[in-house]
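Please read the structure below before turning to the comments.
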Amino acid sequence: MAGNSVGSGERTRLRRRSFLTHAGALGGAGLAGCLSFDSATTDGPAAELIEEGFAAADIEPPFETTIAITQDEERNRFAQLLQSELDETGFFDVEIESRDFGSHVESMLAAADTEENAIFVSSWTGGWDPSNYVTMLFHSENRTPNGLNVGHYENETVDEYIDAGLTETDSDERVETYRNLQNELVADSPASFVRFREATHVWNGDVVNDWQTYPLQPGSYYAVYAPWAGVYTELEDETEFVGDLGSDVTNSDPVEINGVVSSQATALVYEQLVGIDFDGEVQPMLATDWEQLDATTYRFSLRKGVQFHNGEALTATHVKRSLERYEGTTRESDVYDWYENSTVIDDHTIEISCWREYGPFETALFNVSIVPLAAIDGEGEADHDLQTKPIGTGPYRFVEHESGSHWRLRRFDDHWFAGDETVPATPPIETVTLEIITEQSSRQAALERGDLHFSYNLPSASLSDFEANDDYGVGRRVSGGFDMILYPCYLPPFSEPSVRRGCNMLVPRERTLETVYHGIGQVAYTPISPLLEDYAGESFQKTIANEYVRSD
Amino acid sequence: MSLGRYVGRRLAITVPVLVGVTALTFSFVHLLPGDAVDAIVGFRDVSAETEAAIRAEYHLDQPVWDQYLLWLRDAITLEFGESPVTGRDVSATIGRRLPATLALGGAAWLLALAIGIPAGIVTAVSAGKPADEVGRLAALAGIATPNFWLGLILLFVFSVRLGWFRVLPPDAPLVSLATVKFLVLPTITLGTAAAALVMRLLRSSMRRELDAPYVTAARARGLPERTVILKHVLRNAFLPVVTVAGLQLAFLVDGAVVVEGIFSWPGMGRLLVRSILRRDYPVIQAIVLVIGIAIVLANLLVDIIYAILDPRIRY
């Protein structure tokens with residue numbers, strides 16, 4: 001991504017792209033066609049498939065079941081649309097039950113055990129690697145409570161593809177594997193993929209000169225200053241940038257962070273060996289160079305002259321200790337899913353070995369923040385407790401966290417970046433204040449009054465107003481999140497693939513996108529986000545949809 | 001019994017009450033579906049050893065009853081430990097939030113009394129006149145208006161449209177002009193319903209007293225109406241108001257969840273909601289204890305004021 005002028009052009013392109021997706025899916029029939037398309041399937045192939053499945057499972061319609069959702073207005077409206085589609089077939093008699101988030105997740109984890117008769121509406125967020133989108137949800141080893149395969153779905157072919165995708169390091173082979181995998185998954189429909197989410201960034205155009213939208217939420221604030229990605233932001237007559245966080249930061253230690261907000265808040269504080277930029281390309285960060293020595297060993301040259309916020313100078317030992325620090329922590333699988341050991345060659349060279357060939361190696365490294373030795377050795381000491389006081393090598397250092405109020409960072413003057421033609425050596429923004437705001441309407445009010453310069457988390461209904469208003473900039477990009485329906489594969493009639501496939505055809509995707517989410521997002525047919533264009537680009541989505549989901 | 005001994009006895013009773021309240025909360029929270037460990041690890045995949053280690057660290061491997069006793073033992077020395085979710089000291093977390101809650105709750109309470117009491121007197125003495133009608137209508141509206149709605153409307157009109165107040169709390173100490181100014185809208189939002197309640201109660205209570213024979217007697221003795229109302233009637237009409245005002249004080253301290261959300265105020269209400277959602281047991285327990293203490297103290301205060309207002313009341 002070149003320079004800082006891409007924002008608006010990119011926006012137009014994205015909007016056009018999502019429009020094209022709609023037009024394509026509607027077959028040029030326009031909005032009215034959308035409605036008839038959604039319900040035209042009732043007596044068509046969907047019903048035939050469901051009937052076939054009911055006969056095979058020996059179940060008399062109507063089958064009573066529940067759509068389980070979290071307490072959320074949008075989810076509720078989606079559930080109502082789905083309910084009416086399912087009820088209309090005459091095969092189902094559906095109720096809606098909503099629970100608070102914790103209870104919803106718990107009931108999903110326990111569902112197969114208790115044979116709960118429910119279809120779960122849920123969402124999932126993947127990242128830059130395709131394995132993020134499928135492994136936890138559909139591998140048979142990840143049946144609850146081991147993972148999040150809620151419906152206890154089992155398919156050997158799917159397992160093989162997932163395993164192959166994880167250990168395959170050739171990128172063409174990986175693309176092939178994940179396309180086959182998605183084909184198999186949609187054909188078998190353990191879940192229906194409904195909508196890909198969008199990152200929606202809104203900024204005050206009077207203060208923020210331009211802003212680039214990082215598609216994944218943890219990186220929302222990379223746009224402030226990410227020299228490794230060739231991106232920075234300038235303010236008009238201000239040195240303090242005020243953004244928001246959707247909830248409080250709970251824990252800022254990389255090995256214990258368990259919420260996306262904490263990752264967001266620390267994104268400018270910690271750095272990793274490599275980064276993945278706004279276009280999904282791997283870029284050097286703390287490593288300047290690396291090569292693969294054999295199937296499982298990589299050699300990294302580290303950047304020289306890198307300083308931590310506490311004054312330590314980065315060495316290979318920091319990298320080794322930072323990796324090994326994950327052992328026995330809540331996030332150990334981030335590292336020990338592949339990490340075998342590492343050898344310090346000299347101060348600025350390290351070899352990292354994996355215990356298996358690992359396809360997502362570089363994206364995995366982007367997850368591992370390098371921390372100072374004082375924090376590792378002095379663990380528990382107030383000065384070096386990363387839980388409350390993050391210390392890294394990033395362009396901003398932590399200043400204060402007022403619980404429930406705000407999170408503040410200040411420019412780190414000794415950051416390693418020396419400047420180039422696209423990004424200046426010194427970040428123009430001196431102070432980054434992130435206000436903790438839990439109410440969506442308050443967030444909007446704060447942005448409108450000017451208390452906030454930026455928000456990533458506004459209600460989708462109000463986005464079109466901001467888009468129409470020249471005083472604000474709006475950046476929209478498909479993100480890694482998707483909404484889905486998980487079927488209880490352990491329970492007849494949902495144990496019959498034909499029933500699930502029939503239901504999958506009935507899911508009112510277009511109508512949900514338009515009426516529930518005001519056109520924010522993209523219709524989804526497969527699990528992997530079109531953000532990873534090679535794996536799930538538009539034409540692939542369309543092929544899958546035509547093959548398995550759409551009946552006209 | 002003297003007032004002093006009465007207060008002492010009441011304080012002694014407080015202890016079993018608080019033990020009961022916290023024991024109940026403890027069991028209710030553990031009855032919620034959901035495992036604290038799942039919340040701690042953020043529903044990640046962790047090895048069995050790691051999970052066991054977390055369980056042992058926070059005593060989650062022991063029976064609920066033992067967990068409660070362990071908690072109680074520490075709570076007596078005001079030692080609330082560390083939150084398994086955030087890794088932070090629970091006392092410090094609450095210590096930071098409590099002043100904010102007290103400031104907002106206290107301001108709303110003062111507002112409720114400052115509006116409710118004069119309005120109650122005025123409407124009572126002008127019963128049937130336009131002032132009474134207007135006051136009663138306003139009170140009805142005040143009680144019927146949900147505070148989330150009122151808060152959003154105030155925010156929209158006075159902050160977004162007119163730009164008079166900040167939407168977000170200023171980055172200033174609690175006792176500062178900027179913060180006091182910011183608190184105007186949340187205080188009105190939180191205090192309106194309580195003001196209406198106080199007004200209606202005082203009005204009806206005064207109406208009753210105004211018909212009493214001693215009022216007629218006082219007037220017959222030629223006392224000025226002002227003295228009759230303020231010295232005689234008000235004092236007697238005040239008892240039910242004191243009860244409600246006392247309980248409102250406790251309610252305002254813990255009932256500000258919605259208002260804190262709308263105004264992004266870093267009080268205990270939001271902390272409580274977040275802790276419940278994240279199954280952060282130590283924080284939930286500590287907050288419940290604080291609320292319990294607030295209610296018990298408010299009740300005690302009410303009883304003491306009773307005794308001062310009505311010398312016949314002795315315990």
Accessible surface buried upon B-A contact (total; probe 1.4 Å; Å², nearest 100): 3500
With Cα atoms, 0 to 90° folded angle of helix B:268-277 axis to chain B main axis: 40
Span from the the stretch B:126-157 Cα centroid across to the the stretch A:105-152 one, whole angstrom: 50
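What is the dipole size for the protein assembly as shown, taken about its Cα centre, with +1 at each Lys and Arg Cβ and -1 at each Asp and Glu Cβ, in debye to the nearest 20? Walk me through the numbers on the way to the answer.
On the way: 65 positive and 120 negative charges, 1390 e Å.
That gives a dipole near 6680 debye.
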Restricting the stretch A:378-428 to GluC sites (Glu not before Pro) in coil, as DSSP defines it, with at most 13 other Cβ within 10 Å: A:Glu379, A:Glu381, A:Glu421
Dipole-positive endmost among A:Met505, A:Phe454, A:Phe482 within the stretch A:382-521 (Cβ charges, Cα centre): A:Met505
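Got a number for carbon plus sulfur as a percent of chain A's accessible area, 1.4 Å probe?
Working: 8300 of 20050 Å².
About 41 percent, which is the carbon plus sulfur part of the accessible surface.
Among the DSSP beta bridges whose two residues both lie in the protein assembly as shown, what percent are antiparallel, rounded to the nearest 5?
Values: 58 of 76 bridges.
Antiparallel bridges: around 75 percent, rounded to the nearest 5.
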Long-range tail of P(r) for the stretch B:94-309 (Cα pairs > 29 Å, %): 36
Computed accessible area, A:Ser405, all protein chains, 1.4 angstrom probe, square angstrom: 20
Centre separation in Å (Cα based) which lies between the stretch B:214-292 and the stretch B:176-204: 11
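Of all accessible surface on chain B at a 1.4 Å probe, what whole percent is carbon and sulfur?
Working: 10600 of 15180 Å².
Answer for chain B is 70 percent, counting heavy atoms of protein chains only.
What shape does the stretch A:73-212 have by the C-alpha gyration tensor, where a ≥ b ≥ c are the square roots of the eigenvalues, rounded means a/c under 1.5, and otherwise prolate means a/b greater than b/c and oblate the rest? Please list the in-between numbers first.
On the way: a/c = 1.80, a/b = 1.04, b/c = 1.73.
Note, shape of the stretch A:73-212 comes out oblate.
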log₁₀ of I(q)/I(0) at q = 0.06 Å⁻¹ - the protein assembly as shown, Debye sum with one point per alpha carbon: -0.48
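How large is Rg/Rh for the stretch A:270-379, to two decimals, with Cα atoms and a Kirkwood Rh? Write out the running numbers ahead of the final one.
On the way: Rg = 13.2 Å, Rh = 14.1 Å.
Rg divided by Rh gives 0.93.
Can you give me the accessible area per residue for the stretch B:94-309, using a 1.4 Å probe, in Å²? Numbers along the way, then the final one.
Values: 9570 Å² over 216 residues.
Per residue, the stretch B:94-309 has an accessible area of 44 Å².
When a/c is below 1.5 the answer is rounded, else prolate if a/b is larger than b/c, else oblate, so apply that to the stretch A:416-523 with a ≥ b ≥ c taken from the square roots of the Cα gyration tensor eigenvalues. Provide the component values of the computation, followed by the final result.
Working: a/c = 2.80, a/b = 1.99, b/c = 1.41.
In terms of gyration-tensor shape, prolate.
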Most positive-pole-ward Cα, A:Thr239, A:Thr393, B:Thr25, against dipole of the protein assembly as shown from beta carbon charges: B:Thr25
Occluded residues from the stretch A:88-121, i.e. those whose accessible area drops by 50 Å² or more once the chain is not alone (1.4 Å probe): A:Glu106
Shielded residues, the stretch A:250-269 - accessible-area loss of 40 Å² or more between chain alone and all protein chains, probe 1.4 Å: A:Thr250, A:Asn258
Protein-protein interface of the stretch A:403-438, residues with accessible area decrease of at least 30 Å², isolated chain reference, 1.4 Å probe: A:Ser403, A:Gly404, A:Glu435, A:Thr438
Structure-based [θ]222 nm, the protein assembly as shown - -39500 (n - 2.57) summed over DSSP H runs of at least 4, per residue, nearest 500: -14500 deg cm²/dmol
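Leaving ligands and nucleic acids out of the surface, order B:Val157, B:Val296 by accessible area at 1.4 Å, largest first. Mind dumping the intermediate values first?
Working: B:Val157 55, B:Val296 25 Å².
Ranking B:Val157, B:Val296 by accessible area, largest first, yields B:Val157, B:Val296.
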Heavy-atom accessible area per residue - chain A, 1.4 Å, Å²: 36
Phi to ³J(HN,Hα) by Karplus 6.51 cos²θ - 1.76 cosθ + 1.60 over the stretch A:404-420, Hz, x for Gly, Pro: x, 10, 7, 10, 10, 10, 10, 3, 9, 5, 9, 4, 5, 5, 9, x, 8
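The values are calculated or read from the model by the stated rules, or taken from the named source; none is laboratory data. Keep in mind the model is a prediction, meaning the values are calculated, not measured. Cβ coordinates were reconstructed from backbone atoms using ideal geometry, including for glycine residues, and neighbour counts include every protein chain displayed. Ligands, DNA and RNA are excluded from the accessible area calculation, which covers all protein heavy atoms including side chains. Shrake-Rupley method; radii C 1.70, N 1.55, O 1.52, S 1.80 Å.
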